[in-house]
Structure formats: structure tokens, C-alpha cells
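First comes the structure, then the notes that go with it.
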Amino acid sequence: MLAKVEMEGAMIMWPQVLPDEKSVIFTRLQLPPTTIMLQSLKSGEIQELFEGDAARYLPTGHLVYWLQNSIFAVPFNPDTLEVAGGAIPIVEGVFRMAAPQYAVSALPLNLHPEIIEMLERCLEKDTKNQYHDIADSRVDIQKVLAVYM
């Protein structure tokens, strides 16, 4: 169960269910700062991990994320759900588009269509059609996971 995320003046973006299927990372967009958050799908508990944007968990045991025109990697233990070391820049001088809705066209062609639709709803400019918090995406996430389980 996803708890409703109430964060005054913040947008919730880029959710990713972690391998334990009991937790999700997401970006809290609020200037300043933009932060990577972790939420338990069971209890709804939320914790701030670190400053950054658009984090993705990789099977190598790293969170990769964007911060200040660079892409960083930080070791992350998926069992304890804790950052397990210091962040290092892996690509510097990265230009970030001001209009992220165009990034959807750069997704892999074999990506599940429902995931593409979810990403488009995250990027939707019309607030009536976008996800307002991570709880809004719960049903869609469960539907996509059901295909893979």
C-alpha cells in the first residue's frame, strides 16, 4: 500500500519500485533542494536519502542520479535500503533539457507501454492529468508488476 505523500509545494516525480518490491524511490521536486526519497510500500514511512534528481537503482547495487549538471553513482544496499558509501561523479557536464516531457521519446522501444504512459503522466503539464503524488500511481504500478510476476 502506498501512503499519500503530502509535501507542501513539492512535486513527486520519477518513482521506481526497488527489487524488494516493498519500497520505492522517487524525486521530490522542490527548489531548493530537489531530493531523492525512499518510501516503504507497507508502512508508508518516507525518508530523505540525499540531494539529487531522477534516481534509478541499478542491479550493480548503485543509485544513479542527476545533480548539478553531472550524473552520480552511489552504492546502495537493497537489503538494508541504505546508502553504503560516498557518491562519485560518473559523467560530468551533462546538459539537462528544460522541458523534460521530450525525454520520453528517448526511452527504449521495447519498454512496456504502460510504463511509458506512467512517465508521460508524471511529465504532464496539465495538473488534472498528472500524478500528484506517489499514491496516485499505485494502481498503475501494481498493474504493470502483475504482468511480470
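Every read-out reported here was derived from the displayed coordinates using simple, explicitly stated rules and does not represent laboratory data. Remember, it's a predicted structure, so these values are computed and weren't measured experimentally. Neighbour counts are summed over all protein chains in view; Cβ atoms, including those assigned to glycine, are modelled from backbone coordinates with ideal geometry.
Some points to look at:
- By average C-beta atoms within 10 angstrom, highest first, the peptides 46-54, 33-41: 33-41, 46-54
- Net +/- balance of residues flanking Leu49 in space, Cβ distance below 14 Å, scoring K and R +1, D and E -1: -3
- Packing-based ranking of 86-93, 15-22 yields 15-22, 86-93, ordered from highest to lowest mean Cβ neighbour count within 10 Å.
- Pairwise label distance in nanometres, Thr60 with Thr80, each label 7 Å out on the Cα-Cβ vector: 2.1 nm
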